[in-house]
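The next block holds one structure in the form of structure tokens; read it before the comments.
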Amino acid sequence: MAGGDNHMKTTKYIFVTGGVVSSLGKGLTAASLGTLLENRGLKVCLQKFDPYLNVDPGTMNPYQHGEVYVLDDGAETDLDLGHYERFTGTKLTRKNNLTSGQVYARVLDKERRGDYLGKTVQVIPHVTDEIKARMVELADLAKPDVLITEIGGTTGDIEGLPFLEAIREFALEVGYNNAIFIHVTYVPFIRAAGELKTKPTQQSVAKLREIGITPHILVCRTEKPLGKELREKISLFCNVPFEGVIEEKDVDHSIYEVPLMLQRERMDDLVCRFLRLETPPANMGHWQDIIRKLVAPQHRVRIGVVGKYIGLPDAYKSVYEAITHGGIANDCGIEFERIEAENIQKEGAEKLLANLGGILVPGGFGDRGVEGKILAARYARERGVPYLGLCLGMQVATIEFARHVLGLEGAHSTEFDKQSPHPVIALLEEQREVTQLGGTMRLGSQEVQLKTDSRGARLYGAFTVNERHRHRYEFNNRYRAQFEAAGFIFSGTSPDGELVELIELRDHPFFMACQYHPEFQSKPDKPHPLFRGFIAAAHQYAHQREIGLT
Ligand code: GLN
């Protein structure tokens, strides 16, 4: 099937699978390899296959799945796509994340339409063909030199089997030297024995070989160095060349160290050798500079993040990353203070928010912790603490301002109080008094117009920008004049002026909040302007008040 087309000959395919346990950082490994290949001058594209049956992670609880990462085209995707965009220059679309749910939906759709002409519809070949078709489609669309495909889940999972079968077939079809398999595995250190153990890796590779896949490279996640002997053992027992045994130790400081670690292991050299790609070595000078700022920053600041999924760092993945990037831009290390919003309701803002350089309230849905977030916005406004609100973080800042500056008692968002006498945040349909409530999500990249002479325009250095959205509720325009008169500046709106996108406070060192999600477009080598400005303000604030770090 795959042999004839032109792109099939020019695009090289790398498949990344994972073994032994989940959470090994397969996505990071794939993204880091992407960085190295891109810096060798290759055009790289990355995609993720997720074996679960949900059509997309949009409806999944963040506790189950971590953050939902939103793309320009509005696709709600796996957070690994965030790594791909942060580590490489690839622009991703909904085509770059395929779930079993999507595959089966397509197959069943075709079956109902009669496309299979009366045949029995089966996992092999119908489901596997659908998976293979996605790779061809993407290669056609993006025309990359290298397409890296990460298979979610762990080898041995029943639901992952069709994907593994599909990549096995695909590799055969594109032929030797055009596709390789990289298996990310775990080499645990057993404390009682004082040793690293290779057996789980051997078994996981055996499982792959059982279904016809022999990895070319093994990326061994480990907390201790592997050593020559262990590498030899893994090489011999797993049928992988010695130099294909790559050590990926836990990083000391930052995930951004991973590409440099893999480069030291010569992983990209080997990949290029296997795939017959002739390129100069990767120039990672700019990346080393980023790491220097992360490892030994000139300054430090403590930033409080007030959310409702604080126990799970993955739930706000892109937010933490973007704050870190803001730190890189200011040569400023970040100490995170993760604050459960509900605890502010219980223990008070003073107790939990004193000694912070800046306060950030990220996005969210549902009313748990909302009053705590409102208290956080109030504290930041009244005390002059730098504040950055993202999506719900803008909405709570609006509610707070309405209640305590404008004196609009009971002001709220209709998401949390349908009967509010002052619905300062509401669905558009409610604002227009339409009875049929749709409440569909506003998703993806849209244009934002910035006001001349606003802090927003100064930070961006532009008057028109594009930002990604994921929300239903909007600022209620009925209240605009009242807010404006009190010093609440609407510094960004949709091009028609109807939708409020960015706000800032007049009499405050740095109080900014946006309806969109700037965190999805920040990169370590291209920190987002709002985060850059926020960390600069936070550092200055902490410095003036001599807020020390622990
Ligand atoms: N729940 C709010 C809305 O739907 C905010 C969404 C968000 O923060 N992503 O408008």
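Every read-out reported here was derived from the displayed coordinates using simple, explicitly stated rules and does not represent laboratory data. Source: prediction; values computed, not measured. Counting neighbours? That spans all protein chains shown, and the Cβs are built from the backbone with ideal geometry, glycine included.
Numbers below:
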| quantity | calculated |
| --- | --- |
| Cβ-placed point charges (K, R +1; D, E -1), dipole of the chain about Cα centre in debye, nearest 20 | 760 debye |
| Compactness of the stretch 473-516 as Cα Rg over 2.2 N^0.38 Å, two decimals | 1.09 |
| Relative contact order for the stretch 255-408, counting Cα pairs under 8 Å that sit 6 or more residues apart, in percent | 21 percent |
| The chain: antiparallel DSSP beta bridges as a percent of all, rounded to 5 | 35 percent |
| In Hz, Karplus ³J(HN,Hα) per residue of the stretch 36-46 (6.51, -1.76, 1.60; θ = phi - 60°; x = Gly, Pro) | 5, 5, 5, 7, 9, x, 8, 8, 10, 10, 10 |
| Residue 224 paired with residue 199, simple spin-label distance in nm, labels 7 Å along Cα-to-beta-carbon | 1.7 nm |
| Estimated FRET transfer efficiency when R0 is 35 angstrom, pair residue 404-residue 60 (beta carbons, to 0.05) | 0.50 |
| 5 angstrom amide H check on residue 445, placed H, neighbours 5+ away | 73, 74, 469 |
| For the stretch 406-550, share of DSSP beta bridges that run antiparallel, in % to the nearest 5 | 90 percent |
| Under-5 Å amide H pairs with residue 56, H placed in peptide plane, nonlocal only | none |
| Entries in 293/373; 308/526; 119/207; 91/526; 317/418 that, when Cα-Cα distance is taken, lie over 20 Å | 293/373; 308/526; 119/207; 317/418 |
| Table column - 3J(HN,Hα) (Hz), the stretch 156-171, Karplus curve with 6.51, -1.76, 1.60, x for Gly and Pro | x, 5, 4, 5, x, 4, x, 5, 5, 4, 5, 6, 4, 4, 4, 4 |
| Estimated inter-spin distance, residue 383 and residue 365, nm [label 7 Å along Cα→Cβ] | 3.2 nm |
| Positive-end residue, the stretch 296-447 charge dipole about Cα centroid, Cβ charges, pick of 316, 424, 365 | 316 |
| Kirkwood hydrodynamic radius over Cα pairs of the stretch 314-392, then Stokes diffusion coefficient at 10 °C and 1.306 mPa s, in µm²/s | 120 µm²/s |
| Within-13-Å neighbourhood charge of residue 279 [Cβ basis; K, R +1; D, E -1] | 0 |
| Efficiency of FRET between residue 441 and residue 336 - r from beta-carbon atoms, R0 25 angstrom, step 0.05 | 0.30 |
| 10 Å binning of all Cα-Cα separations within the chain, expressed as whole percents from 0 upward | 3, 17, 26, 24, 17, 10, 3, 0 |
| Normalised contact order of the chain, rounded percent, pairs of Cα under 8 Å and 6 or more residues apart | 15 percent |
| Under 5 Å, built H, 5+ apart or other chain: amide partners of residue 501 | 492, 493, 494 |
| Low-density loop cleavage sites - trypsin sites (Lys or Arg not before Pro) in the stretch 97-189, where at most 11 other Cβ are within 10 Å (DSSP) | 119 |
| Taking 233, 48, 293, 143 and counting other C-beta atoms within 10 Å, the order from fewest to most | 143, 233, 293, 48 |
| Debye intensity ratio in log₁₀ form over the Cα atoms of the stretch 195-262, taken at each q of 0.15, 0.28 Å⁻¹ | -0.49, -1.26 |
| Taking 463, 401 and counting other C-beta atoms within 10 Å, the order from fewest to most | 463, 401 |
| Residue-wise HN-Hα coupling along the stretch 176-190, computed from phi with Karplus coefficients 6.51, -1.76, 1.60 (Hz; x: Gly, Pro) | 3, 6, 10, 8, 9, 10, 10, 10, 8, 9, 10, 10, x, 9, 8 |
| Rel. contact order, % - alpha carbon contacts under 8 angstrom, at least six apart, the stretch 49-122 | 36 percent |
| Relative exposure of 128, 398, judged by other C-beta atoms within 10 Å (fewest first) | 128, 398 |
| Chymotrypsin sites (Phe, Trp or Tyr not before Pro) restricted to the stretch 87-123 and DSSP loop, no more than 15 other C-beta within 10 Å | 116 |
